[in-house]
Amino acid sequence: MTAADLPLPLPDLIERLGAIVGPADVLTEPFDVEPHLVELRGLYHGATPAVVRPKTTAEVAAVMALAHEFGIRVVPQGGNTGLVGGQTPSEAGDEIVLSLKRLDRIREVDPVTDTMTVEAGVTLLGAQEAAEAVDRLFPLSLAAEGSCTIGGNLATNAGGTQVIAYGNARDLVLGLEVVLADGRVLNGLGKLRKDNTGYDLKHLFMGSEGTLGIITAAVLKLWPRPRSQSTAFVAVGSPAAAVALLGRAKRAFGPALTGFEFMPRFGLDLVVAHLPGARDPIADRHPWYVLIEVSSASEAGVEEAFEAMLGEAMEAGEVDDAVIAGSLDQRAALWRIREGMSEVQGIEGGSIKHDVSVPIASVPEVIEEGIRVAEAFIPGIRPVPFGHLGDGNIHFNFSQPVGADKAEYLAKWDELNDRVHAVVLAHGGSVSAEHGIGRLKKHALAEVKDPVALATMRAIKATLDPKGILNPGKVL
Ligand code: FAD
Ligand code: ZN
């Protein structure tokens, strides 16, 4: 099927969509449409007859009812920051893009119940700020927060840097409003912390990457805002030492341990070389580093206990050196190193990526074996395993060998993925820890998922989207 044989003649489709959202919010000019067709990694470049931009849940429902009636395929899109191509329409030009960005109201903030009800197009930063305005915390935190949306965060069950303390995106939600494939509105915007009245349907839609329904609003949980934070950049001798330090920090601080991010020397070298203003926080060179943060609800903080814990870790040989942030600026500089880690790999040439998780105890072995298979496959390859060690989630990236041809290197993406994923699977891990499946990992899912789980997923998809119009070709 191409744009030429859409289920409705193009002018009719444009007119009907315009009647729902207003003609100005049905984008068809190449200049307006183009930003919705490409994603950040440059892996996909789709085509579409129209980008439709509803402003209300009722408009989303009307668009879906129309799509269902005629069998029009729909690709939901939020901030377009997804990393697996889930938000990009196919190259055939036979899918409309449903942009949720204009659903951007904060409907309610309830500091007594500690909830806020926000629409899908509110940016993550906007949600964080709305919480801050009532002296609360919405703890989801990731580098794309200025542009990604709550709808996209929930549709991908995003992770980020504070999962260790607060959980993934799905753990931060009490209620969900969803427009189903046929245009019916499932109103689940409850604020209840306890509600065992049958199946908890909201969890079907979170993490479904737009294949089961359109998330239009959510009731999010709020937390007390930390009054102080202790942050350190710590040099460790090995991934095993980092895992030992993680155990020590968890035992010392429990849920107050809000960050435990891991990175290799080569990653730090890239940040220092490519990120303006970045510098090495520790004078000597060490093979591995951890950014560790503890948050406290009291102004006085936990500085002493934090220093004591690091001191004990040093005595135990887990930590070789450490720098504790002495000011908010220093803290920000340490986090900038971690958050710049993805971007600088792009400047360094081709980067082949893996977003994997394994049981925390297996992290050292998986890093060692993963590097070994990659080096055997591509001599001179430069490993950059970094990320959310506290969750067993490693962004196991590899930069191209010095002087290699970028295109030739990137052509080996799938083959390297297969090798690294084999190591991960042998340790009971996952080939997509937090970014999802989208288009990028669809073939991998079919290979690694339990067949009964896959069949159950297909049955759910067929029930909720019998005509297969919601984000076709993604996930399943
Ligand atoms: P999009 O990219 O627009 O869409 C993502 C998926 O959700 C698509 O399948 C789309 O169809 C679907 N979708 C979007 N909105 C809706 C909706 N309202 N209803 C139904 N389906 C919808 N992810 C992490 O988990 N942890 C990280 O630490 C992290 N860091 C990142 C850092 C950077 C710099 C970047 C660019 C991305 C990062 N990501 C991370 C990827 C992450 O998935 C996205 O940033 C974010 O969650 C997606 O939100 P979005 O609004 O941009 O969604
Ligand atoms: Zn991440």
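The values are calculated or read from the model by the stated rules, or taken from the named source; none is laboratory data. Please read all numbers here as calculations on a predicted model, not as lab measurements. A quick note on method: Cβ atoms are made from the backbone with ideal geometry, for glycine too, and the neighbour counts reach across all protein chains shown. For the accessible areas, the whole protein counts, side chains as well, though only heavy atoms, and no ligand, DNA or RNA atoms are used. Shrake-Rupley method; radii C 1.70, N 1.55, O 1.52, S 1.80 Å.
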Subject >> From the C-alpha gyration tensor of region 228-342, square roots of 5λ in Å >> reply: 22, 17, 11
**OP:** Convert 10 °C to kelvin, take the viscosity as 1.306 mPa s, use the Kirkwood radius over C-alpha pairs of region 106-224 as Rh, and evaluate the Stokes-Einstein diffusion coefficient in µm²/s, rounded to a whole number.
**Re:** 113 µm²/s
Subject >> Accessible area per residue in Å² at 1.4 Å probe, computed on the chain >> reply: 42 Å²
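Give me the percent of accessible area attributable to carbon and sulfur for region 386-476, probe 1.4 angstrom.
For region 386-476, the apolar C and S fraction of the accessible surface comes to 57 percent.
Provide the net charge surrounding residue 54, with neighbours chosen by a C-beta distance below 11 Å and charges set as Lys +1, Arg +1, Asp -1, Glu -1.
Result for the neighbourhood of residue 54: +1.
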Original post:
Can you pull the percent of region 106-224's accessible area that's carbon plus sulfur, 1.4 Å probe, other chains left in place?
Top reply: 51 percent
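Over region 231-299, with every protein chain in place, what whole percent of the accessible area is carbon and sulfur at 1.4 Å, could you tell me?
58 percent
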Original post:
Rounded to a whole number of µm²/s, how large is the Stokes-Einstein D of region 349-435 at 4 °C and 1.567 mPa s, given Rh as the Kirkwood radius over C-alpha pairs?
Top reply: 102 µm²/s
Original post:
What Kirkwood radius, in Å to one decimal, follows from the Cα pairs of region 261-311?
Top reply: 13.1 Å
Subject >> Average projection area in nm² (convex hull over Cα atoms of region 41-87, one quarter of hull surface) >> reply: 3.9 nm²
Original post:
For the peptides 310-318, 138-146, what is the packing order when you average, over each peptide's residues, the other Cβ atoms within 10 Å and list the highest mean first?
Top reply: 138-146, 310-318
Original post:
If we sort 100-106, 181-187 on the protection proxy, mean other Cβ atoms within 10 Å, highest first, what's the order?
Top reply: 100-106, 181-187
Original post:
Under a 5 Å amide H to amide H cut-off, with H placed in plane at 1.01 Å, what residues pair with residue 320 once short-range neighbours are removed?
Top reply: 235, 236, 237
**OP:** Return the subset of 353/412; 353/441; 194/461; 202/474; 441/461; 194/449 for which the Cα-Cα distance in this structure is over 22 Å, preserving the input order.
**Re:** 194/461; 194/449
**OP:** Let me see the pair-distance distribution of region 3-102: every alpha carbon pair, 5 Å bin width, integer percents in order.
**Re:** 2, 14, 26, 27, 18, 9, 3
Subject >> region 317-476 - Kirkwood radius from inverse mean 1/r over Cα pairs (Å) >> reply: 17.9 Å
Original post:
Charges only on Cβ, +1 for Lys and Arg, -1 for Asp and Glu: so what's the dipole of region 228-342 about the Cα centre, in debye to the nearest 20?
Top reply: 360 debye
Original post:
Kirkwood Rh over Cα pairs of region 299-392 into Stokes-Einstein at 10 °C, 1.306 mPa s: D in µm²/s?
Top reply: 97 µm²/s
**OP:** Please turn the phi angles of region 294-304 into ³J(HN,Hα) values with the Karplus equation 6.51 cos²θ - 1.76 cosθ + 1.60 (θ = phi - 60°), one per residue in order, whole Hz, x for glycine and proline.
**Re:** 10, 10, 9, 7, 9, 4, 5, x, 10, 3, 4
**OP:** Write down the Å³ per residue value for the convex hull defined by the alpha carbon atoms of the chain.
**Re:** 153 Å³
**OP:** Treating only the Cβ atoms of Lys and Arg (+1) and Asp and Glu (-1) as charged, compute the dipole magnitude of region 106-224 about its Cα centre; round to the nearest 20 debye.
**Re:** 260 debye
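What is the antiparallel percent of DSSP beta bridges lying wholly in region 3-102, to the nearest 5?
Details: 3 of 10 bridges.
Around 30 percent antiparallel, to the nearest 5.
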Original post:
Which residues' amide hydrogens lie under 5 Å from the amide hydrogen of residue 40, considering only partners 5 or more residues apart or on another chain, with H built in the peptide plane?
Top reply: none
